[in-house]
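Encoded as structure tokens, the structure appears first; notes follow it.
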Amino acid sequence: MGRVLDLMDGLRESGHSRAEIDAALADLACMTRVSTTTDEPVSARAAALPVAPVDVTAPSVYVITEVDGRDRWVAITEWSWRTVPTYPMTGNQGIATWFSSGVNPIVQVVHHSGHTSQFPGVSREDASDLNNHGVSFLMAPRTSATDLNVARGMSSLVFEGRDGCADPTVTSSYSHSFGSTSISAIDISADGQEVHWTGEDGRAQSTGPATRVAGVCS
């Protein structure tokens with residue numbers, strides 16, 4: 001999965017459109033997009049926080065393969081900082097993706113980099129939380145005068161269906177801590193995400209549009 005994210009990152013950085021990226025994924029990785037965006041309200045918990053200066057996409061869900069007669073999908077979310085922050089960032093940053101109905105997770109990868117070559121792309125599989133409702137990752141920020149090592153990135157979860165058939169919605173959110181505040185964990189549940197902040201100040205969050213996937217069957 002890390003190679004797929006590297007491919008997407010390179011195409012995105014080169015200015016390719018979403019349709020061109022999808023065509024390349026279909027040709028090179030046999031990935032077919034099956035998700036559509038939907039209007040889901042932002043949770044009251046997220047709405048109570050300042051909005052982070054980060055653009056978060058609706059998760060893109062693709063069918064990728066069949067294993068032992070069962071389809072496998074992957075949900076990929078992209079984020080990008082609009083501007084590099086001028087204030088110190090010492091606390092963890094978080095990216096989380098959650099499903100409205102249960103899935104069986106197979107493998108998870110987060111890939112992040114800077115806007116420039118100062119911070120090359122890094123891929124990791126060590127999730128903060130991983131269960132039947134999604135995945136979260138924590139990332140330690142590093143900054144320079146002009147760039148940030150988590151300035152852009154992608155989170156992915158390969159999964160199978162669970163407990164019959166469902167048409168789940170999938171949502172992702174970027175949690176931003178700064179100043180003396182950090183994030184110790186992000187728990188995923190049927191209700192969404194719960195971010196464990198270490199302080200009351202220095203908190204912001206950006207939640208992307210939801211995606212609906214039809215016919216996720218076990």
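Where a number appears in this text, it was derived from the coordinates with a stated rule and is not lab data. Given the structure is predicted, the values throughout are model-derived calculations rather than measurements. Methodologically, a virtual Cβ is constructed for each residue, glycine included, from the backbone with ideal geometry; neighbour enumeration extends over all protein chains shown.
Worth a mention:
- Protection proxy ranking, peptides 156-169, 117-130, average beta carbon neighbours within 10 Å, highest first: 156-169, 117-130
- Listed as lacking a disulfide-compatible partner in the chain: 30, by the criterion of no other cysteine Cβ under 4.7 Å.
- Annotation note: trypsin sites (Lys or Arg not before Pro) in region 1-37 located in DSSP loop regions with a Cβ neighbour count of at most 15 within 10 Å are absent.
- Close amide-amide hydrogen proximity is noted between residue 51 and 205, each under 5 Å apart and 5 or more residues distant or on a separate chain (H modeled in the peptide plane; Pro and chain starts excluded).
- Considering only alpha-carbon pairs that sit under 8 angstrom and 6 or more positions apart, the relative contact order computed for region 140-218 is 38 percent.
- Think of it as helices only: each DSSP H run of n ≥ 4 in the chain is worth -39500 (n - 2.57), and spread over all residues that comes to -3500 deg cm²/dmol at 222 nm.
- Calculated from backbone phi, Karplus (6.51, -1.76, 1.60) coupling profile of region 158-163 in Hz, x at Gly/Pro: 7, 8, 10, x, 8, 6
- Local electrostatic count, residue 186, Cβ distance below 9 Å [Lys/Arg +1, Asp/Glu -1]: -3
- Global geometry of region 88-180, whether rounded, prolate or oblate, following the gyration tensor of its Cα atoms and the 1.5 cut on a/c: prolate
- Extension gain, residue 32 back to residue 198 (0.36 nm per residue minus Cα-Cα distance, nm): 55.7 nm
- For the pair residue 66 and residue 20, a Förster radius of 30 Å applied to the C-beta separation gives a FRET efficiency near 0.70, rounded to the nearest 0.05.
- Tail weight of P(r) past 32 Å, computed on alpha-carbon pairs of the chain, percent: 14
- Residue-wise HN-Hα couplings along region 175-185, as the Karplus relation 6.51 cos²θ - 1.76 cosθ + 1.60 with θ = phi - 60° gives them from phi, are 9, 10, 10, 7, x, 8, 9, 9, 10, 8, 6 Hz; Gly and Pro carry x.
- Neighbours of residue 114 by Cβ distance under 13 Å: Lys/Arg scored +1, Asp/Glu scored -1, total -1.
- Once backbone amide H atoms are built at 1.01 Å from N, residue 90 has 179 as its partners under 5 Å, excluding neighbours fewer than 5 places away on the same chain.
- Rounded to whole Hz, the Karplus (6.51, -1.76, 1.60) HN-Hα couplings of region 115-132, x for glycine and proline: 7, 10, 6, 4, 10, x, x, 10, 10, 9, 10, 7, 6, 6, 8, 8, 7, 6
- Database remark: amide H of residue 65 closer than 5 angstrom to the amide H of 72 (H placed geometrically; neighbours at sequence offset of 5 or more, or on other chains; Pro and chain starts carry no H).
- Taking region 33-217 and dividing mean pair separation by its residue count, relative contact order in percent (alpha carbons under 8 Å, at least six apart): 32
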